[in-house]
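The values are calculated or read from the model by the stated rules, or taken from the named source; none is laboratory data. Remember, predicted model here, so these are calculated numbers, not experimental data. Here the Cβ is made from the backbone with ideal geometry for all residues, glycine too, and neighbour counts use every protein chain on show.
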Amino acid sequence: MDLFVFKCFYLMLPAYFANMAPVIFQHVFKKLAIPLDFGKKLNDKRLFGKNKTFRGLIVGTLSGILIAYLQYALHSSGIITVGFTDLSNWLSLGFLMGFGAILGDLIESFFKRQFDIKPGQSFRPWDQIDFALGAMLLSSLVFLYSFLQVITILLLTFILHIIVNHTAYFLHIRKEKW
């Protein structure tokens, strides 16, 4: 893998983990499985749906922070020295990437509900890149992305998302391929 592409992948790890965290933790913290939209509707359609919960928001955001901290620790100890930034702002970057990833997914879910697209039904390319767009948008408050980084991250995320979700589907971790 080209070093530039690897650096883009490494930069986005907090967002990637934040996006996976709600699925990984879907069977724990059951008391937090409260829908973010509280069942509210717009045009007689749920705002986000029953699968977008406070648990997902919390574990996604915390995962982003944790991964950013681990990257910072690895970087500051000299174990991993690749990257576009020194990650000294790991808390801000991790929070913005984690929360941004969940926010991007929420916005996409809102549009899916309003367009009568069922949960789990494909909504390409948005299903694959929504979280990355949200993470990049919010984290751009502390990290300035180049145009080439944005395009590389979106293409990489699109491909990786399909591979990871298909693998999780065939391993019976997810119910849908998307």
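Among the residues of the stretch 142-177, those identified as β-branched (Val, Ile, Thr), under 19 Å from PHE6 (Cβ atoms) and touching a residue at least 40 places away in the same chain (Cβ under 8 Å) are THR152, ILE153, THR157, VAL164. Considering the conditions (1) farther than 17 Å from LEU13 by Cβ; (2) modelled with pLDDT of 95 or more, GLY134 is excluded by exactly one of them, (1).
Does ILE67 satisfy the condition of being out of contact with any Lys or Arg (no Cβ under 6 Å at 6 or more places or on another chain), under 22 Å from LEU133 (Cβ atoms) and without any contact (Cβ under 8 Å) to a residue 12 or more places away in the chain? In short, no.
Scan the stretch 86-95 and give yes if some residue there is more than 24 Å from SER146 (Cβ to Cβ), modelled with pLDDT of 95 or more and under 17 Å from the mean Cα position of the chain (by Cα), otherwise no. Checked the stretch 86-95: no residue is more than 24 Å from SER146 (Cβ to Cβ), modelled with pLDDT of 95 or more and under 17 Å from the mean Cα position of the chain (by Cα). Applying the set (1) within 14 Å of ALA15 (Cβ to Cβ); (2) more than 16 Å from the chain's Cα centre (by Cα) to ILE34 leaves exactly one unmet item: (1). Against the numbered list (1) in contact with a helix residue (DSSP H, G or I) (Cβ under 7 Å, 6 or more places away or on another chain); (2) among the polar types (S, T, N, Q); (3) over 18 Å from SER109 (Cα atoms), SER92 comes up short only at (1). For beta carbons closer than 6 Å, sequence separation of 6+ or different chains, a first residue in the stretch 38-55 that is in a helix (DSSP H, G or I) and a second that is buried (at least 18 other Cβ atoms within 10 Å of the Cβ) and among the acidic types (Asp, Glu), there are no qualifying pairs.
Selection of the stretch 91-122 for residues being surrounded by 17 or more Cβ atoms within 10 Å (Cβ to Cβ) and assigned to a loop (DSSP other than H, G, I, E, B) yields an empty set. Scanning the stretch 143-157 for residues that are modelled with pLDDT under 95 and either surrounded by 14 or more Cβ atoms within 10 Å (Cβ to Cβ) or within 16 Å of the chain's Cα centre (by Cα) (or both) gives a single hit, PHE143.
Applying the set (1) within 12 Å of the chain's Cα centre (by Cα); (2) at pLDDT 95 or above to GLN128 leaves exactly one unmet item: (2).
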